[in-house]
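The values are calculated or read from the model by the stated rules, or taken from the named source; none is laboratory data. Keep in mind it's a predicted model, so treat the numbers as computed, not measured. Backbone-built Cβ (ideal geometry, glycine too); neighbour counts: all protein chains shown.
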Amino acid sequence: MKNKFHACASCVHFRAQRIGAKMKYECARLRYETNPKYQFNCWTPKESVKKLMEKRGM
């Protein structure tokens, strides 16, 4: 079953920073520029996402 919560934006390592008029998205663990919708196998969900997944039986 595909996990609809699995995305960079829901990971504990995801960082967003506004630089001027643009947003910069980065994985703090990998030190890569990323996109909130991207998915990597190293995904570690935030606590709030874990709770929501448990609530929905995932």
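Numbers at a glance
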| read-out | value |
| --- | --- |
| Odd one out for W43, checked against (1) modelled with pLDDT of 95 or more; (2) within 12 Å of the chain's Cα centre (by Cα) | (1) |
| Output for the range 17-58, where each listed residue is loosely packed, with under 12 Cβ neighbours inside 10 Å and assigned to a strand (DSSP E or B) | Q17, R18, I19, K22, M23, E33 |
